[in-house]
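Structure record follows, encoded as structure tokens.
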Amino acid sequence: PTPVVLDVDTGVDDACALLLAALHPSLDLRAVSCVGGNAPVDDVVRNTLLVLETAGRGDVPVARGAERPLLEVPVDARHVHGDDGMADLGWAPAAVTADPRHAVELLRDVCREAAERERPVTLVPLAPLTNIALLLRTYPDAAQGISEIVFMGGAANVGNATASAEFNVFHDPEAAAVTLDAAADLGIPVTMYGLDVFYEPVVRSDVVEELIAVGGRGPAELGGRLLAFQNARFGRDASTIGDAGAVCAVIDRAGLTTETLPLRVELAGTWSRGRTIVDRRDWSGDMAHDPHGEAPVRLEVALGVDGPRYAGLWADTLLGRAGE
Ligand code: BDR
Ligand code: CA
């Protein structure tokens, strides 16, 4: 199995991603770091522990990380994810507790150990990139234990937090810029699973009902109840698995279409701060045609996804049918 580490702001769709990473046989979930984003970081830790315990993976270390962005004023997304950040289900908190290390120290230790064992991890950030920026700047040697970064964030086209910017990058634009800059310097390949694909893997309401019917307060019921909450809140009958699509991309890369493209994070801008500016001109990245002094980073940008394939992968895994 592929060793993976998730960085989350759980979050309804982060919870969907955690369930998939915890349960899919081709992944080995080694640690989870938490950051303030959709909800304050203490809520994120509590939600994350509950999801992992429900999935029977209370053994996975979970650590509390940054409570606020590097520079920005924190904003949460409880209007999307519920007052508790995870669908207000009212389930009892997990019995397991968080790892005593700061998230950045947990990430450092897991990456160093992975480097020693020559089993580098795939790092999957699904939240504002504050913890990851701090990790790569404070402990750059951690890069030796990271085979690639597949992150949810950004957009080549429209945003969601603003018309320009996607929430995770909008929440901490400096952290996103630092992460991409450090990854380029340290030679870590990066894939951006952004809004151009994020909303496409959707689970129909009959499958949501099937998941809930499994019951027993297990992972299938939890996944079903999370999507049912989203459907009710937004008046839809099919819900995106959101962040979980980035985990699908690690499991089943062939379901994703990407292009290697130059990208800059907008750090100024009157109405565009936090935008990921993807250069899709024919001569994109050709510095002879670019009046900016510094070369943009290049990364794999997801531009297409087989939505039904990823939604099916997610639901089948929760129903215990992965690989069938
Ligand atoms: C991202 O923002 C959060 O609300 C979701 O969890 C996802 O990571 C989408 O813009
Ligand atoms: Ca998230």
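A few remarks follow.
- The listed residue being under 23 Å from Pro3 (Cα atoms), within 15 Å of the chain's Cα centre (by Cα) and of a type in the set (Val, Ile, Thr), out of Val96, Val44: Val44
- Residue in the range 242-265 that is surrounded by fewer than 18 Cβ atoms within 10 Å (Cβ to Cβ) and within 16 Å of ligand 1 (Cβ to nearest atom) present: no
- When the range 109-168 is filtered for residues that are within 16 Å of ligand 1 (Cβ to nearest atom), among the small types (Gly, Ala, Ser) and in contact with a Gly (Cβ under 9 Å, 6 or more places away or on another chain), the ones remaining, listed by number, are Ala127, Gly153, Gly154, Ala155, Ala156, Gly159, Ala161, Ser164, Ala165.
- Of all the numbered requirements in (1) of a type in the set (D, E, K, R); (2) within 26 Å of Cys248 (Cα to Cα); (3) surrounded by 15 or more Cβ atoms within 10 Å (Cβ to Cβ); (4) at pLDDT 95 or above, Arg117 misses one, and that requirement is (3).
- Restricting the search to strands (runs of 3 or more DSSP E) fully inside the range 188-280 and requiring at least 2 residues that are at pLDDT 95 or above and aliphatic (A, V, I, L, M) gives 190-193, 202-204, 256-265, 276-278.
- Search result, residues across the range 183-194 that are over 21 Å from Asp306 (Cα atoms) and either buried (at least 20 other Cβ atoms within 10 Å of the Cβ) or of a type in the set (Val, Ile, Thr) (or both): Ala183, Ile188
- Tally of residues being within 16 Å of ligand 2 (Cβ to nearest atom), aliphatic (A, V, I, L, M) and without any contact (Cβ under 8 Å) to a residue 60 or more places away in the chain across the range 130-184: 1
- Which numbered condition Ala302 misses (of (1) within 17 Å of Val190 (Cα to Cα); (2) more than 20 Å from the chain's Cα centre (by Cα)): (2)
Rundown of residues vs (1) without any contact (Cβ under 8 Å) to a residue 12 or more places away in the chain; (2) within 12 Å of ligand 1 (Cβ to nearest atom); (3) closer than 23 Å to Leu211 by Cβ; (4) of a type in the set (D, E, K, R), yes/no style:
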position: Asp7; (1), (2), (3), (4): no, yes, no, yes
position: Ala22; (1), (2), (3), (4): no, no, yes, no
position: Ser33; (1), (2), (3), (4): no, no, no, no
position: Asn38; (1), (2), (3), (4): no, yes, yes, no
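- Qualifying position, being buried (at least 17 other Cβ atoms within 10 Å of the Cβ), of a type outside the set (D, E, K, R) and within 25 Å of Arg321 (Cα to Cα), among Val202, Val178: Val202
- Asp76 being of a type in the set (D, E, K, R) and more than 14 Å from ligand 2 (Cβ to nearest atom): no
- Within the option set Leu50, Leu19, Leu70, Leu6, being over 16 Å from the mean Cα position of the chain (by Cα) and crowded, with 22+ Cβ neighbours inside 10 Å holds for one residue only, Leu50.
The values are calculated or read from the model by the stated rules, or taken from the named source; none is laboratory data. Keep in mind it's a predicted model, so treat the numbers as computed, not measured. Every residue, glycine as well, gets a Cβ built from its backbone with ideal geometry; the counts of neighbours run over all protein chains shown.
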